[in-house]
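Data first, discussion second: the structure below is written as structure tokens.
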Amino acid sequence: MSDRRSATLFVLLAALWGTSFMAIKAGLDAFPPVLFAAIRYDVAGALMLAYAAATSDYWLPRTRADWLTLLVEGTLIIALYNAFLFVGETGVTSGVAAILVGMSPILSTVFSRLFLPDERLSLLGTVGLALGFVGVVLVARPDRSDLLGSEAIAPTFVLLAAASVALGSVLVQRLDGGISSEGMVAWSNAFGAVLLHAISLSLPGESLAQAEFSAVGVAALLYLAVFASAVGYVIYFDLLASLGAIEINLVSYAAPIFAAIAGWLALEETLAPFDVAGFLVIFLGFVLLKRRALAAELSPVFARLDGLLPGR
């Protein structure tokens, strides 16, 4: 990290996004999953639009690239990601969900190679990619005699969530709209909320009649909308400017730690040894895939720490 402030914000962001998996799990007892996600982004979208209007001069979409970026982010990164994740968390613990979502940086490499076929993986990169999928198998542990059974459905939905956000991030990089990050996130939150409501309406058992506005459910909803979404993205923008995209990706591997702790404290969830092993293997795969970028980003940090050692 570049300094103590960045390190503090990084840990805070990992905590906010990690504990959001626990909040999702807690709120699913009160709300149908996709409707729960939709209401979350109703609130988050309104808050982010107010923030974008107050802090950015270019917060309204103007160009074709802006509108295409909004369409991609709202559809893939907000609507489909959250629909798959919230449904998936009905059948897996919050810690397992956070670990599986950690595949998104690895999957983004897969999608970037599909859209940029001239970029080839090195041998170590291929090993890193394979390790990522080995880690998924360790976490999901599918029954080979019933690969399409009910136990495999929930982890598959969470992996689809990771794939959605990975594909969305790659497409957004190619579109390169000029709108500010604050404006784009705000509008994609609002557009994603509309799409989530449309998905919810198309599903059986997804209506306000099935919702129970209990104290736990409302608290989970407000935590997700205000802290995990609005406050989380404000911190994200700050860190993106000071750290860059590669170091920000490491949040995906810090978040499961907070997800596991929060799930254990609030919901009495536990992680199996295979879950922990899968997390470590997925992280190792990410390091191998992004080894050059990580080395370039982190070398100033190691140089600074080396200068602080006694006798230097």
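Results for (1) under 15 Å from the mean Cα position of the chain (by Cα); (2) of a type outside the set (Lys, Arg); (3) buried (at least 24 other Cβ atoms within 10 Å of the Cβ), shown as yes or no for each residue.
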position	(1), (2), (3)
PHE10	yes, yes, no
ALA15	yes, yes, no
ASP29	no, yes, no
PRO32	no, yes, no
ALA38	no, yes, yes
TYR41	yes, yes, yes
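Which ones in the stretch 171-194 are surrounded by fewer than 21 Cβ atoms within 10 Å (Cβ to Cβ) and in a helix (DSSP H, G or I)?
Matches in the stretch 171-194: LEU171, VAL172, GLN173, ARG174, LEU175, SER181, ALA190, PHE191, VAL194.
Only one residue in ALA65, ALA23, ALA38, ALA44 is part of a helix (DSSP H, G or I) and over 30 Å from ALA262 (Cα atoms), so which one is that?
Of the residues listed, the single one that is part of a helix (DSSP H, G or I) and over 30 Å from ALA262 (Cα atoms) is ALA65.
Which of the residues spanning the stretch 86-123 are acidic (Asp, Glu) and either at pLDDT below 90 or not in a loop (DSSP other than H, G, I, E, B) (or both)?
ASP118, GLU119
Within the stretch 2-16, is there a residue that is in contact with a helix residue (DSSP H, G or I) (Cβ under 6 Å, 6 or more places away or on another chain), among the polar types (S, T, N, Q) and not in a helix (DSSP H, G or I)?
Yes, the stretch 2-16 has at least one match.
Give me the pairs: first residue in the stretch 223-234 and farther than 7 Å from LEU16 by Cβ, second residue part of a helix (DSSP H, G or I) and among the small types (Gly, Ala, Ser), beta-carbon distance under 6 Å, and six or more apart or on different chains, which are they?
TYR223/ALA23; LEU224/SER20; LEU224/ALA23; ALA225/ALA44; SER229/ALA44; ALA230/ALA44
Would you mention how many residues in the stretch 261-292 are under 20 Å from ALA26 (Cβ atoms), out of contact with any Ser or Thr (no Cβ under 8 Å at 6 or more places or on another chain) and aliphatic (A, V, I, L, M)?
3
So that you can scan it fast, the table gives a plain yes or no per residue for (1) closer than 22 Å to GLN210 by Cα; (2) without any contact (Cβ under 8 Å) to a residue 60 or more places away in the chain; (3) touching a Ser or Thr at 6+ places or on another chain (Cβ under 6 Å); (4) of a type in the set (D, E, K, R):
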{"position": "PHE31", "(1), (2), (3), (4)": "yes, no, no, no"}
{"position": "ASP42", "(1), (2), (3), (4)": "yes, no, no, yes"}
{"position": "LEU60", "(1), (2), (3), (4)": "no, no, no, no"}
{"position": "THR69", "(1), (2), (3), (4)": "no, no, no, no"}
{"position": "GLY74", "(1), (2), (3), (4)": "no, no, yes, no"}
{"position": "ILE78", "(1), (2), (3), (4)": "no, no, yes, no"}
{"position": "LEU85", "(1), (2), (3), (4)": "yes, no, no, no"}
{"position": "ALA97", "(1), (2), (3), (4)": "no, no, no, no"}
{"position": "SER104", "(1), (2), (3), (4)": "no, no, no, no"}
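What is the one condition in (1) assigned to a loop (DSSP other than H, G, I, E, B); (2) farther than 21 Å from VAL226 by Cα that VAL72 does not satisfy?
In the conditions (1) assigned to a loop (DSSP other than H, G, I, E, B); (2) farther than 21 Å from VAL226 by Cα, VAL72 misses (1) alone.
Have a look at ALA266, ALA228 and point out the one that is of a type in the set (Gly, Ala, Ser) and either under 27 Å from SER6 (Cα atoms) or not in a helix (DSSP H, G or I) (or both).
The unique qualifying residue is ALA228.
The values are calculated or read from the model by the stated rules, or taken from the named source; none is laboratory data. The model shown is predicted, which means the values in this text are computed figures rather than measured ones. Backbone-built Cβ (ideal geometry, glycine too); neighbour counts: all protein chains shown.
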